[in-house]
1. Show the residue pairs that are 6+ apart or on different chains and have beta-carbon atoms under 7 Å apart, the first residue being within region 92-105 and basic (Lys, Arg), the second being outside any strand (DSSP E or B) and surrounded by 12 or more Cβ atoms within 10 Å (Cβ to Cβ).
2. Somewhere in region 76-87, is a residue in contact with an Asp or Glu (Cβ under 6 Å, 6 or more places away or on another chain) and in contact (Cβ under 8 Å) with a residue 60 or more places away in the chain?
3. Looking only at strands (runs of 3 or more DSSP E) that fall completely inside region 38-129, which ones have 1 or more residues that are exposed (fewer than 15 other Cβ atoms within 10 Å of the Cβ) and of a type in the set (Gly, Ala, Ser)?
4. In region 64-80, is there at least one residue being touching a strand residue (DSSP E or B) at 6+ places or on another chain (Cβ under 6 Å), of a type in the set (Val, Ile, Thr), modelled with pLDDT of 95 or more and under 23 Å from Ser120 (Cα atoms)?
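The values are calculated or read from the model by the stated rules, or taken from the named source; none is laboratory data. Since the model is a prediction, treat every value here as computed from it, not as a measurement. Don't worry about glycine lacking a Cβ; one is built from the backbone with ideal geometry, like all the others, and counts go over all protein chains shown.
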Amino acid sequence: MFHRKSSYRRLVLLSSIGAATLGFSLVSVIPASASISAGRVQLCSQGSYSSYLLFSPPNSQAFASDTVAAGSCETFNVPGTDGQTTKIQPTRSGGSTISGSAASAPDASGMKIATKGAASSAYWVYLSN
């Protein structure tokens, strides 16, 4: 009888450790939903492809953000001068722009953008901030 109780306790302990480990793993892969601060834009590549942002500040040459891997999110500073609008174009890795664009400024509220869908039918949406 002592052996059976001991085995039961080990099973409960191992189950608890496994559940705690699984819970930690699930929490660690879910991106944070914190608000994005002013002058920043977060890009989440939620489609089956990597993506990046193409920034076009007024009176400056356009440039690209780092590429965000599928399933990941990264946050970038909005370039330009306070009070001037910078065009933000979500782009599929490989150089194909995704229809539509957003706009922001270094002194504007932060924003979140997600690219979605398959590479052949890519689209983007605003996420709530």
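1. As it stands, the answer is Arg92/Tyr49; Arg92/Ile98; Arg92/Ala119; Arg92/Ala122, since those pairs meet every condition given.
2. There is no residue in region 76-87 that is in contact with an Asp or Glu (Cβ under 6 Å, 6 or more places away or on another chain) and in contact (Cβ under 8 Å) with a residue 60 or more places away in the chain.
3. Here the list reads 102-104.
4. Yes: one or more hits.
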